[in-house]
Amino acid sequence: MGDIVDKTCKQTPDYSLCLSLLRSDPRSSSADTVGLGLILVDKIKALGTETLGQINMAYKTKPMLKKPLDECNLRYKTIVDVDVHTAIIAIRGNPKFAEGAIVDAGVEASVCEGGFPKGQSPITGLTQKMNKICDVTRAIVRMLL
Amino acid sequence: MASSDALLPISAREEDPLLSDGSRSDPNAETHGRRRPVKGLLAVTFGLFFIAFYVALIATHDGSRSNDVKFESDGTATTASRARLAGVSEKSNDQLWKLSGDRNTVAFSWNNSMLSWQRTGFHFQPGQNWMNDPNGPLFYKGWYHFFYQYNPNAAVWGDIVWGHAVSKDLIHWVHLPLAMVADQWYDANGVWTGSATFLEDGSIVMLYTGSTDKSVQVQNLAYPEDLNDPLLLKWVKFSGNPVLVPPPGILPKDFRDPTTAWKTSAGKWRITIGSKINRTGISLVYDTTDFKTYEKLDTLLHKVPNTGMWECVDFYPVSKTLVKGLDTSVNGPDVKHIVKASMDDTRIDHYAIGTYFDSNGTWIPDDPTIDVGISTSLRYDYGKFYASKTFYDQNKGRRILWGWIGESDSESADVQKGWSSLQGIPRTVVLDTKTGKNLVQWPVDEVKSLRLSSKKFDMEVGPGSFVNIDVGSAAQLDIEAEFEIKKESLDKILGDASAAAEAEEFSCQKSGGSTVRGALGPFGFSVLAHESLSEQTPVYFYVAKGKDSKLKTFFCTDSSRSSFANDVVKPVYGSSVPVLEGEKLTMRILVDHSIVEAFGQGGRTCTTSRVYPTKAIYGAAKLFLFNNAIDATITASFNVWQMNSAFIHPYSEEAVRALSRT
């Protein structure tokens, strides 16, 4: 049972991250590849939501960063509302569209991060994590093609 | 970064990404060493040059950011799984990771002015929301019909139904109500791609894939409710659907996109449906007499290992001798057959030319080394072009190709602007009767009806020149051009035994784009160019000498500097293009806001690009002719037409009536 998780994670760019993400969800022990993909999309949604919370707080603590924070707000809303939704519906029937949505999530996160002046992003750790999770998720979705 | 080194003599094959405008002030500076006049005067002159050069660098560097960052095309592939990521969707996390590390990035936000400019003037697109594959194109009772995968609710994929539009000329469209929606269990999760077949009595059947309520892919039959309605507004789904379910050995999600049927010599109808077995792409074959019950052949139409799932398979005859289209059922000694498939793994459409054996429904390629789906096999288009489908236009005896042109931008931009995706301008497709080895595509003649004013130019362009071509507004253009490299320049290169052969190594994708100068290229047009050249999209020929001393010609579109935006994909697209003895180099370019369609050598090599300039928009979009070769002078003879908009109308009876009168 854990074998599928292990086998699947070995085919992703970040084996240990993949393992820790999937094993943290009890559904993973009985999931097929689609199920594992959906667990990770859930993680993307959770991380995106958490990041939106951090962005909101940063408006108060770093008001001079309003402009890049606005951009990040837009980008992360796209991740949580649009990319995640598309990935969930596409992963079951037409996985290439799920791949596109997951890749886009990484793009949105990177663009958000890139909008801050050097060293001033309040969410660098979170955007880096988003990119890593998207890389792993994408690899799993590609197994469905 | 700026240094006096930049003024030193440079070697023949040079790369200077910082001088992204491609202009070189004096080619002779490269071949002569620095002279030694009075030292004091030299120092002052040098100082002035240094300052001016530094200023120029600052001015151009902002636009050349993407050239400064060099990516591996496949990121940092180290494991087998990474290798599978390579060569896929060009939207790559890898590329953007590197960009976000580049702290020279200016923070960038899309505004509505930039976004609304992106909408095209004369390409097919719905009023809003998401579109993908072309479906069931056909000509009936005086109207061209176009159906398409559509999301009525959002600018991203989902809730897929069949959109519908009609036209008299494949250019001026009026949208119609949705043709089919997801109202049955057998298409509850999507009314997916399908094709039309005309029966002998002139009636129409439509076969399409439904994604069932359990996400199983099945094939369904539908037909017009009223054949007396030329608009074919209403469609009826066969009560006995689905007519085909995944056969044994085929997974429930590997069975989609049925083709137009053709008549076998036994008098039955035959269709093919793409699929896969493990990593082998295949095309299944079914015979039917009534489109309701089918017999699956034991043989496959064809299969190619390691190509993955075959989507949107297309299968049709082409004449070996005549430049015209053929009905899908035509067969005979003067005919070859094309097998085309869309590769799910790579999002690339590939085709191959071969021979069809009607007795057992199989097909073999003329050249197995470029079999369907192999990375080196032929493509309709070397840019952004997928899920394409042809139909036989019995009105004008043509075979016409539709292709889905997706976006290359971010989904937040798509959501903000409220739409996503275009269709290419429909193209005629014929076998290249001169080479016999490739198809030739060309925008349908009717697109010329959009041509407004034209300007004709004849000029000689020296090496390292950028020439502004004043045509007024430059966002909607049709350009036809003929180029010749001056004989002296060609002779010099061919006669120079020491001049390195580069044709074997060169590729549009990997050779650095249009700022990389060679002996005989690049030269062509730069479209959607800002006058500062900080944003521009060069479409060009690059002629290279091969090891056999023969010349090889490449036709590329370089979108790497098309936009300041850092959330869009900006590849260099293109391919080699066959040039036969005695032929001049010709290109045609259709520019229409965020899409550039380029056709080399009469359509032997075609490349579609999506570009999203932020500054080179509205009145600031300009056209340049350029020659970035080191030594060669070229002559260019060309016409530029302003293109009218097609004014595609939302559904109304008045709009239909207005179009009927045309």
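Read-outs throughout are calculated quantities, based only on the coordinates presented, and are distinct from any laboratory measurement. As the structure is a prediction and not an experimental result, all values here were calculated from the model. Positions of Cβ are backbone-derived with ideal geometry, glycine not excepted, and every protein chain shown enters the neighbour counts.
Note on residue B:435/residue A:27: beta-carbon distance plugged into 1/(1 + (r/R0)^6) with R0 of 56 Å gives a FRET efficiency of 0.50. Between the C-alpha center of segment B:532-576 and that of segment A:88-145 there is a gap of 29 Å.
List the aspartates and glutamates whose alpha-carbon lies under 13 Å from that of residue B:214, not counting same-chain residues fewer than 8 positions away? Straight-distance partners of residue B:214: B:187. When each of the peptides B:139-145, B:238-244 is scored by the mean number of other C-beta atoms lying within 10 Å of its residues, the order from highest to lowest reads B:139-145, B:238-244. By the scheme Lys and Arg +1, Asp and Glu -1, what is the net charge of all other residues having a beta-carbon under 13 Å from that of residue B:507? Charge balance near residue B:507 sits at -2.
Shown for B:447, B:415: other C-beta atoms within 10 Å of each C-beta, ranked fewest to most, produce the order B:415, B:447. Distance between the modelled labels on residue A:46 and residue B:660, one decimal in nanometres: 6.0 nm (7 Å Cα→Cβ projection). Per-residue 3J(HN,Hα) values for segment B:533-548, derived from phi via the Karplus relation 6.51 cos²θ - 1.76 cosθ + 1.60 with θ = phi - 60°, read 6, 5, 10, 6, 10, x, 10, 8, 9, 10, 9, 10, 8, x, 4, 7 Hz in sequence order (x marks Gly and Pro). Cysteines of the protein assembly as shown lacking any other cysteine Cβ under 4.7 Å from their own Cβ: A:134, B:312, B:606. Normalised by 2.2 N^0.38 Å, where N is the number of residues, the C-alpha radius of gyration of segment A:29-87 stands at 1.39. In straight-distance terms, cross-link reach from residue A:62 covers every one of the lysines whose alpha-carbon lies under 30 Å from its own, apart from those fewer than eight places away in the same chain; here that gives A:43, A:45, A:77, A:118, A:129, A:132, B:98, B:417. Couplings 3J(HN,Hα) of segment A:51-66, computed from phi: 5, 4, x, 5, 4, 4, 5, 5, 4, 7, 7, 9, x, 6, 9, 3 Hz, in residue order, whole Hz [Karplus 6.51 cos²θ - 1.76 cosθ + 1.60, θ = phi - 60°; x for Gly and Pro]. Both the radius of gyration and Dmax for the protein assembly as shown are 27.1, 95 Å, in that order, over alpha-carbon atoms.
Straight-distance candidates among the lysines for linking to residue B:320, with alpha-carbon spacing under 17 Å and chain neighbours fewer than 8 residues away dropped: B:336, B:434, B:437. In terms of distances greater than 26 angstrom between alpha carbons, the cross-link table entries B:324/B:550; A:67/B:622; A:10/B:253 yield B:324/B:550; A:67/B:622. Label zone of residue B:367 (point 7 Å out along Cα→Cβ, amide N under 17 Å): in segment B:573-590 this covers B:575-581. Quick one: go through segment B:632-657 and flag any residue whose amide nitrogen is under 15 Å from the point 7 Å out along the Cα-to-Cβ line of residue B:395. Only B:656-657 pass the distance filter. For chain A, adding -39500 (n - 2.57) for each run of n ≥ 4 DSSP H residues and dividing by the number of residues yields -24500 deg cm²/dmol at 222 nm.
Distant-in-sequence amide contacts of residue B:297, defined by a placed amide H-H separation under 5 Å and a gap of 5 or more residues or a different chain, comprise B:285, B:286, B:287.
I need the calculated FRET efficiency for the pair residue B:618 and residue B:505, taking r as the beta carbon distance and R₀ as 41 Å, to the nearest 0.05. Rounded to the nearest 0.05, the efficiency is 0.55.
The mean count of C-beta atoms from other chains within 10 Å of the C-beta of residues in B:500-506, rounded to a whole number, is 0.
Within 10 Å of the Cβ of each residue in A:82-94, the mean number of Cβ atoms contributed by other protein chains is 5. Packing, as the average of other Cβ atoms within 10 Å across residues, places the peptides B:267-278, B:457-468 in the order B:267-278, B:457-468, highest first. With contacts defined as alpha carbon pairs under 8 Å and 6 or more residues apart, what's the relative contact order of segment B:134-443 in percent? Answer for segment B:134-443 is 12 percent.
Across segment A:4-143, the relative contact order, built from alpha-carbon pairs under 8 Å that are at least six residues apart, equals 31 percent.
A simple charge model with +1 on the Cβ of Lys and Arg, -1 on the Cβ of Asp and Glu and nothing else charged puts the dipole of the protein assembly as shown at about 860 debye relative to its Cα centre. FRET efficiency for the pair residue A:10 and residue B:376, taken as 1/(1 + (r/R0)^6) with r the Cβ-Cβ distance and R0 = 35 Å, rounds to 0.70. Note that segment B:179-189 has calculated 3J(HN,Hα) couplings of 7, 9, 10, 8, 10, 10, 4, 7, 9, 4, 9 Hz, one per residue in order, obtained from phi through the Karplus relation 6.51 cos²θ - 1.76 cosθ + 1.60 (θ = phi - 60°); glycine and proline are x.
Along its first, second and third principal axes, ordered by size, segment A:4-143 spans 48, 27, 22 Å in Cα coordinates. Taking label points 7 Å from Cα along the Cα-to-Cβ direction, residue B:457 and residue B:360 give a separation of 5.8 nm.
Can you work out the PRE-style zone for residue B:245? Point 7 Å along Cα to Cβ, and I want the residues of segment B:193-210 with backbone N under 17 Å. Output list for this probe position: B:209-210.
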